[in-house]
Amino acid sequence: MIENIKISRKNNDALKRFMGNYGIGVVLIIMMVAIGIMEPSFATKNNFINVAAQVSINGMIAYGMCLAITTGGIDLSVGAQLALTSCVLGQTITNMNMNIWLSCLIALAVSTAFGCLNGILIAKFNMFPFVVTLSTQLVIRGLSQVISSGKAISLTSMEFKGIYSNKLLSIPVPIVMLFVVTIVMYLLLHWTVFGRYIFAVGGNVNAAIASGVSEFKTKVGVYTVSGLLAGVAAIIFTAKTGSAQSNIGIGYETDAVAACVLGGTSFAGGIATIPGVLMGIFIIGFIYNGMNLIGVSSYYQSIVKGCVIIGAVLLDMLMNKKNQ
Amino acid sequence: MVSNENEYVLVCKDISKAFGGTQALKSVQLKIKPGEVHALMGENGAGKSTLMKIVIGLYKQDSGSMTFEGKPYQAKGPVDAIKAGIAMIHQELNPEPHLSIADNIFLKREDTVCGIFLNKKKQNDRANEILRQFSFPYESTTLIKELTLAQVQMIEIIKAVSSDARLIIMDEPTSSLDSEETAHLFRVINDLKSKGVAIIYISHRMNEIFEICDQVSVFRDGMYIGSKPIADVSRHDLIEMMVGRKVENVFPKIDCEIGDVVFEARGLTGKGFSNINFKVRAGEILGISGLVGSGRSETMRAIFGLDSYESGKIFLNGKEIRIKSPADAIAKGICMVNEDRKNFGLCLLRSLRENISLPNLPKHQPHLLIDQAREKRECEDVAKKLTVKAASIEHTAYSLSGGNQQKVVISKWIMANPKLLILDEPTRGVDVGAKAEIHALMCQFAAKGMAVIMISSELPEVMSMSDRILVYHEGRIGGEILRSEILSESVTEKDILAKAFGGVSG
């Protein structure tokens, strides 16, 4: 009898693992259907393209956040990184008249360097990621105020603004970038040795070290990637608004964390999937978009967002429990 | 055997319990007399812990009934069970480290003034009185975190007795105790016995069962096999009852050809050990005995790069090497199965495949992307070779039994094809069947020319598996024993113990 159970269990395994990882997809579909019924203009090609372009910013940040959370940490500095990178762009392009691609490279280098610094502080001195990134966030935002003197710098270069508005094979560039980054991050986390080390360090750091994994290199790598992606997000953001400001990106870490949690990233570390996070990103995007279309007052939007996140995570947990 | 049920303190009758489709207990029984130390034996998964969890109310049985001291009994949870007079000392202790001994003993039944404020003084005095009864050498205001594991365990026992428990369940109480601490525990058990307290004693250690227990009940595959006075059974009988097949030799050592020196430590000194000198040869199993804390594990951790050493040299195949991290050790061919499987062995939430391949990724996966098909094939091969029992290598390590988890840990090191394999307590918390398999595997590795070092607190294990035994005493090697001396019985368990305690007798 036990043998029979084992065999039938084996058949259910693949499905169970799939539901365990991607059960949140069901929530996403329910949400889309519900909004679609309430507001017919939701389910149009134009609206979907609009949402996909908008979520690309949170998407970049969420992928970096996902890595940090998977190692058992968090990166609270991403919002400030967005502001600093944006100010560097404004300063170099508008005030220094630099080539926009060179200036993008410099901006990315700055955010990557600060990500790397986060990683070194966390891994070298064994400080809590929450405390480290909470503090560097203040430093980074302060720096962006220093660079911009607290004033908005407008970016009028059409070439630069084209990063958000141009199309590649009739697909907006930010969507192409989100697509490419999703693929790269999927391969990085699920198909490379570095990805395995991220899971191992987050799952059980002692066992990882005793298996020859370098905790230092893994954590520094993770926060560096998070910084780089925050920089990419900042380029899209600045191209979209055409303005570099030191007060942008406030609260962006919340949406990123929410997308990760919705996507099944475990706060205990060691568990995450990139497709899950992508679904989380779109759930957050559709919450904003759906409420705007339906006409919910912005005062109520954040209440609804909080409730939907708790509800979705609860539903996901209940479904997983039933599957066990 | 017809008997009056009233002579028993606990009677479990026809208890059945199923989890999903798996029948964990099939109409089992258990009868415990007052003042009796009753051993519960069986392989992991035989149903012992399920039954105990039903007794203390963590699970509810599907059918069957229990009586405690002649009255029908059914606990809704551990607190209920303690109120009724049944306490369980868990294998993994979890008292609050920042509370004092007194606070722990009176946790959930504190002395209070008006039901709100703690009456610290009265509580501490009462606790001191109880501690003195057990001749426990600390004041009741000492914090739990200052005690050793053995002392914390003693506090748990004292707590149980002071809450007037008439039945105490001990789950593997000696698994992290050394010989001296075990002896002390046994004195306490005998004391409790004379006070009429019944004890259910769960252990895989045969020697202890014969030393301390009066009666033994055996379970197998969720079924009750039988209960016998310990005086009427032999080791062999017990093992046969547990595994349901004849086991010829518990520790089937196969002698292999011993080759050249693979590893040598010269004057190794570090935290907890000093001036350690030894050599291991290819095909040799070097046993390491000694008390817990005598520096055995510390030496091996330093050799593997988990801790650092202060001075001394280590040589691999005659060449001096310097190891700064486990990554260095693994790359050079030194691997170590840690004694703490949960913390240093496995990422429990990840799959067997990821766990097995983790230390082998740099060597086996040289390309940018992991060749998952190759990885799966290689991991399946090694898991199969080591008889890991799992439906698929995609399962989490968490879902396996202790013995199978240990085999997964060994699998990952075998895939690394080490020159020197260090195993620290490789069979701790592992059932009899898996234990024999692990021993057989060790012999296979040696036969392939690997040098094997095995640390074990179980003397019979060290004595039967080792070609040579080093006995640690207070951070130094206190003696060396050859297999020939053991086979000719010119050295016995007593002699090894004496060396571990400082060489009192010859």
Alpha carbon convex hull of region A:171-324, volume per residue in cubic angstrom: 153 Å³
Anchor A:Lys151: lysines whose Cα lies under 17 Å away (excluding residues fewer than 8 positions away in-chain): none
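Quote the Stokes-Einstein diffusion coefficient, in whole µm² s⁻¹, for region B:128-278, based on the Kirkwood radius over alpha carbon pairs, a temperature of 25 °C and a viscosity of 0.890 mPa s. Before the final figure, lay out each step's value.
On the way: Rh = 19.2 Å.
After rounding, the answer is 128 µm²/s.
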Normalised convex hull volume, region B:252-341, alpha-carbon set, Å³ per residue: 113 Å³
Per-residue [θ]222 nm for the protein assembly as shown (sum of -39500 (n - 2.57) over DSSP H runs n ≥ 4, rounded to 500): -16000 deg cm²/dmol
Computed over region B:94-196, Kirkwood Rh from alpha-carbon pairs, angstrom: 14.3 Å
For the protein assembly as shown, with +1 on Lys and Arg beta carbons and -1 on Asp and Glu, the positive-most of A:Thr265, A:Thr94, A:Leu314 along the dipole: A:Thr94
Cα Rg over Rh - region B:316-430, Kirkwood: 0.97
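Find the relative contact order for chain B and round it to a whole percent, using C-alpha pairs within less than 8 Å whose residues are 6+ positions apart. Write down the numbers at each step before the final one.
On the way: 984 pairs, mean separation 76.0, N = 506.
It rounds to 15 percent for chain B.
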Whole-Å distance, taken between Cα centres, linking region B:318-387 and region A:57-135: 33 Å
Region A:269-318 and region B:416-463: distance between their alpha carbon centers, rounded to Å: 51 Å
Whichever lysines have a C-alpha closer than 22 Å to that of B:Lys120, once near sequence neighbours (fewer than 8 apart) are set aside: B:Lys108, B:Lys145, B:Lys159
Global size of region A:246-295 as Cα Rg and Dmax, reported in angstrom: 12.6, 39
Volume per residue that the Cα convex hull of chain B spans, once the total is divided by residue count, Å³: 178 Å³
Stokes-Einstein D in µm²/s, Kirkwood radius over Cα pairs - region B:304-357 at 20 °C with 1.002 mPa s viscosity: 166 µm²/s
In degrees, nearest ten, helix B:402-415 long axis to first principal axis of chain B (Cα): 10 degrees
For q = 0.11, 0.19, 0.20, 0.21 Å⁻¹, Debye-computed log10 I/I(0) when each Cα of region B:392-506 counts as one equal scatterer: -0.43, -1.06, -1.13, -1.20
Cross-link partners of A:Lys240 among lysines (Cα-Cα below 17 Å; sequence separation of 8 or more within a chain): A:Lys161, A:Lys167
Cα-derived Rg to Rh of region A:195-257, Kirkwood definition: 1.17
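Starting from the coordinates of the alpha-carbon atoms of region B:5-243, obtain the Kirkwood hydrodynamic radius over all distinct pairs and give the value in Å to one decimal.
Working: mean 1/r = 0.0537 Å⁻¹.
This gives a value of 18.6 Å.
Find the all-direction average of the projected area of the Cα convex hull for the protein assembly as shown, expressing the result in square nanometres with one decimal place. Don't jump to the answer; show the numbers that get you there.
Details: hull surface 169.4 nm².
Value for the protein assembly as shown: 42.3 nm².
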Proportion of all alpha-carbon pairs of region B:189-288 beyond 17 Å (%): 69 percent
Range of Cα positions in chain A per principal axis (Å), largest first: 77, 55, 38
Cα-only Debye scattering, region B:194-237: base-10 log of I(q)/I(0) at q = 0.30, 0.32 Å⁻¹: -1.31, -1.37
Largest to smallest principal axis extent of the C-alpha atoms in region B:150-223, angstrom: 35, 27, 19
Net dipole in debye of the protein assembly as shown [+1 Lys, Arg Cβ; -1 Asp, Glu Cβ; about Cα centre; nearest 20]: 1960 debye
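Only the coordinates and a few stated rules stand behind these numbers; no lab work does. Just so it is clear, the model here is predicted, and its values are computed rather than measured. Reconstructed Cβ throughout: ideal geometry from the backbone, glycine too, with neighbour counts over all protein chains shown.
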